[in-house]
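Here's the structure, in C-alpha cells; my notes come after.
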Amino acid sequence: MNDANAKPAAARRGRKGRVLEVWRRLKRNRLAMAGLAILAVLFLTALLADLVAPFPSDKQDLENTFSFPSRAHLFGTDEFGRDILSRVIHGSRISLSVGFLAVGFSVVIGGAIGAVAGFYGKRIDNVLMRFMDVLMSIPQILLAISIVAALGPGLWNLMIAVGISSIPGYARIVRASVLSIKDREYIEAARAAGSGDARIIFRHIVPNCLAPIIVQSTLGVATAILTAAGLSFIGLGIQPPTPEWGAMLSGGRGYIRDYWYMTLFPGLAIVFTILGLNVLGDGLRDALDPRLKSSR
C-alpha cells in the first residue's frame, strides 16, 4: 500500500521539479519576463476594466467630440465624444477573450485530430492529414473571412472563425510529437499493462506533447488577436459600439490626418500585446527545450 502511494507522490514531485526548472530558466530571459509583465498588466486591466476605466466605454459627450489628449481625457475622445482610454481598456477584454478562447478551441480540436492521426497512422492518418492539408492550402485570414462571411459578424462567430482557421497547425504539431513518442518503452509498458488506446493517448502521450503545444499556443494567441483585429477592421468582426481594437482602428482611419490619436492608441495596444506574446513564446521555447540545459 505504501509503495502504491509512493509512486504517484514521486511522480507529482517530479512534475513539480520540472515546472520549477522551467520557471528558473524562463526568469533568466529578460525579454520573456518583460513579455510576461505586459500580459499580466493586460489581464489585470481587462479583469478590472470597470474599475480602471475613467468613463463607461459607451458614454457619449457630443459637446466634447474630437478632443485631443489632455488631463481630462488622456487618450482623447472620438467622433461621439467617447473616452478613447476607456474604450481601449474595455477593448482588452474582447481581444484577450477572442485570442485565448479561439486558441483553446483550436488546440482541443486540432490536438485531438493530430493525436488520433499520429497514434493510429495508416488510412486514418492519411484521411485526417489530407483534410488538414486542404485547410492549410487556404491562407488563414482568407479562411477566417470565409467562415465569418458565412456565419455572420459577432463575437462568437469571430471566435469560431479564428479557431477553425488555426486547427491545422496544432494538428500537425501534435501529430509530429505523437509519432516521436508512441513507440517508446513506457508506451509499450502501458499497452502491456492493459491500458486502452484512449488512456494511452490522453494519459501518456498527450502530456509529453505539451511543450511544443504551449509554445505554439502562446504565439497562436498573438496571431488570433491580430486576425480578429483584422476582421473587425474590415467590418466582419465585432460590431460597433462594442469597443474592440481593430474596430477602433477602422473607425478612426477616416480622421487619421487631423485626429491621429484615434488610431495611435488602439494600434499601440495591439502592438504591445503581440510583442508581449511573441517574446514570451520565444522565452518559453528556450525554457522548455531540454537541449538548451547544457548551454545555460
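The values are calculated or read from the model by the stated rules, or taken from the named source; none is laboratory data. Note that the coordinates shown come from a computational prediction; the quantities given were computed from them, not determined experimentally. Here Cβ is always computed from backbone atoms with ideal geometry, including for glycine, and neighbour counts include all displayed protein chains.
The condition (being modelled with pLDDT under 90 and surrounded by 16 or more Cβ atoms within 10 Å (Cβ to Cβ)) is satisfied by just one residue among ASN5, ASN29: ASN29. In segment 70-93, is there at least one residue being buried (at least 23 other Cβ atoms within 10 Å of the Cβ) and more than 30 Å from PRO54 (Cβ to Cβ)? Scanning segment 70-93, I find no residue that is buried (at least 23 other Cβ atoms within 10 Å of the Cβ) and more than 30 Å from PRO54 (Cβ to Cβ), so the answer is no. A single member of GLY251, GLY281 is assigned to a helix (DSSP H, G or I), touching a residue at least 40 places away in the same chain (Cβ under 8 Å) and more than 19 Å from the chain's Cα centre (by Cα), and it is GLY251.
Considering only segment 254-276, state which residues are among the aromatic types (Phe, Trp, Tyr) and surrounded by 15 or more Cβ atoms within 10 Å (Cβ to Cβ).
Filtering segment 254-276 for residues among the aromatic types (Phe, Trp, Tyr) gives 255, 259-261, 265, 272.
Answer for segment 254-276, where residues must be among the aromatic types (Phe, Trp, Tyr) and surrounded by 15 or more Cβ atoms within 10 Å (Cβ to Cβ): TYR255, TYR259, TYR261, PHE265, PHE272.
Farther than 30 Å from PHE272 by Cα, surrounded by 16 or more Cβ atoms within 10 Å (Cβ to Cβ), out of contact with any Lys or Arg (no Cβ under 8 Å at 6 or more places or on another chain) and not acidic (Asp, Glu), is that true of VAL221? Here the answer is no, as VAL221 does not meet what is asked. Looking only at segment 125-158, residues that are loosely packed, with under 15 Cβ neighbours inside 10 Å and under 20 Å from the mean Cα position of the chain (by Cα) come to 3 in all.
Within segment 237-253, the set of residues being surrounded by 22 or more Cβ atoms within 10 Å (Cβ to Cβ) and closer than 18 Å to ALA161 by Cβ comprises GLY237, ILE238, GLU244, TRP245, GLY246, ALA247.
Exactly one residue out of GLY35, GLY91, GLY81 is in contact with a Ser or Thr (Cβ under 6 Å, 6 or more places away or on another chain) and either touching a residue at least 60 places away in the same chain (Cβ under 8 Å) or not in a helix (DSSP H, G or I) (or both): that is GLY81.
Going through VAL116, VAL148, VAL134 one at a time, which residue ends up being in contact (Cβ under 8 Å) with a residue 60 or more places away in the chain and over 17 Å from LEU101 (Cα atoms)?
Selected residue: VAL116, the only one of VAL116, VAL148, VAL134 that is in contact (Cβ under 8 Å) with a residue 60 or more places away in the chain and over 17 Å from LEU101 (Cα atoms).
Determine whether segment 56-64 contains at least one residue that is under 22 Å from LEU275 (Cα atoms) and charged (D, E, K, R). No, segment 56-64 contains no residue that is under 22 Å from LEU275 (Cα atoms) and charged (D, E, K, R).
Go through segment 169-193 and count every residue that is over 15 Å from the mean Cα position of the chain (by Cα) and either aliphatic (A, V, I, L, M) or surrounded by 22 or more Cβ atoms within 10 Å (Cβ to Cβ) (or both). Give the steps one after another, and end with the answer.
Of the residues in segment 169-193, the ones over 15 Å from the mean Cα position of the chain (by Cα) are 171-193.
Pick out the ones that are also either aliphatic (A, V, I, L, M) or surrounded by 22 or more Cβ atoms within 10 Å (Cβ to Cβ) (or both) and you get 171, 173-179, 181, 187, 189-190, 192-193.
The total comes to 14.
Does ALA161 fit the bill of being touching a residue at least 12 places away in the same chain (Cβ under 8 Å) and surrounded by 15 or more Cβ atoms within 10 Å (Cβ to Cβ)? When the stated conditions are applied, ALA161 passes them. Taken over segment 53-83, the criterion of being of a type in the set (A, V, I, L, M) and out of contact with any helix residue (DSSP H, G or I) (no Cβ under 6 Å at 6 or more places or on another chain) is satisfied by LEU62, ALA72. Give just the number: which of (1) over 29 Å from ASP197 (Cβ atoms); (2) in contact with a helix residue (DSSP H, G or I) (Cβ under 6 Å, 6 or more places away or on another chain) does SER146 not satisfy? Status for SER146: all satisfied but (2).
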